[in-house]
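The values are calculated or read from the model by the stated rules, or taken from the named source; none is laboratory data. Note that the structure is a prediction, hence the values are computed from the model and not measured. So basically every Cβ, Gly included, is an ideal-geometry build from the backbone, and we count neighbours across all protein chains shown. In case anyone asks, the SASA skips ligands and DNA or RNA and just uses the protein heavy atoms, side chains included. Shrake-Rupley method; radii C 1.70, N 1.55, O 1.52, S 1.80 Å.
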Amino acid sequence: MVLVIVSFLIFGLLYIAPGSPEQLVLGNSKSIDPATLKAVRQEYHLEGPFLVRYLDWSEAALRLDFGRSIRTSEPVRDGITQRLGLTAQLAGLAFLLTLALGVPLGVLAAVRQAGLVDRGVVFLSIVGLSAPAFATGILLLYLFAVRVGWFPAFGQGEGFADRLHHLVLPAIALALTATGLVVKITRAAFVDELQKDYVVFARARGIRPGRVLFGFVLRNAATPIVTAAGLILAYMLAGSVLVEVTFALPGIGALLVDSVTAQDIPMVQGLALLIAAVVVVVNLVVDLLYPVIDPRVVFSRSSR
């Protein structure tokens with residue numbers, strides 16, 4: 001249902017946008033062959049009432065057929081497929097960095113609650129949340145690519161090692177804001193669990209603090225952390241636009257910017273629907289993981 005609503009909005013907003021695909025393809029010349037104009041209108045589903053056009057487009061979208069790009073004349077599906085791998089690699093690396101930094105720092109802040117370490121970690125998380133990814137990316141470029149020269153300033157690299165070398169700085173820029181969110185959520189979840197009776201009883205029985213923390217508390221506090229992780233992963237896959245533009249990475253985000261600038265309606269529609277599908281699928285996977293993480297969570301059918 002979410003995808004149906006989103007697809008209708010995507011098609012409707014671009015339908016009422018100024019300009020039309022035939023103007024972009026054929027130009028504003030007045031001496032256009034009617035047969036050519038008709039062929040272009042049929043190619044981009046520009047004939048018929050709005051609802052008929054939407055149903056034709058949505059039926060083709062179910063087959064992953066989003067038409068042809070106005071800018072490049074290639075199938076939209078091929079254009080997205082060529083760029084999707086780089087964006088997935090960038091988002092995956094940034095996601096791993098986010099969890100590797102955010103969860104341990106959040107646990108550390110909760111264990112050292114109200115102490116100097118806690119205040120320092122919370123301060124750094126606020127700084128991370130307040131810094132836009134593109135601004136952090138520009139700072140990282142200046143420090144580590146221009147001044148020090150440890151990392152390349154742009155491009156995607158070739159081969160696994162070179163690709164990883166090129167993606168380190170953009171992944172860090174993308175991960176910093178998300179890391180601050182994971183720190184805050186992890187800290188809040190652990191602080192709440194550490195105050196419960198089962199933790200006091202476990203400590204009174206002489207169970208090692210490490211086992212109490214990671215064997216009991218971590219599992220009970222994992223639900224909000226997994227929820228945040230799912231939202232962050234969807235954000236990284238769908239919201240890496242500014243980071244890719246900053247580091248000149250030819251991924252999905254850069255393709256979306258170029259397509260909007262060129263008024264490439266079929267490509268924008270395909271990308272927008274892909275982003276919506278990613279968000280829906282990630283949220284579904286997170287919901288299905290809840291009973292695995294916490295057996296107390298049970299899905300049941302509501303009775304009348």
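Quick look at the numbers
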item	result
The chain, accessible surface, carbon-and-sulfur percent (1.4 angstrom probe)	67
Top positive-direction residue, dipole computed over the chain with Cβ charges, set L139, M267, V200	V200
In degrees, nearest ten, helix 160-194 long axis to first principal axis of the chain (Cα)	50
With at most 11 neighbouring Cβ atoms within 10 Å, loop GluC sites (Glu not before Pro) (DSSP) excluded, longest segment of the chain	159-304
Dipole magnitude of the chain about its Cα centre (Cβ charges: Lys, Arg +1; Asp, Glu -1), debye to nearest 20	1280
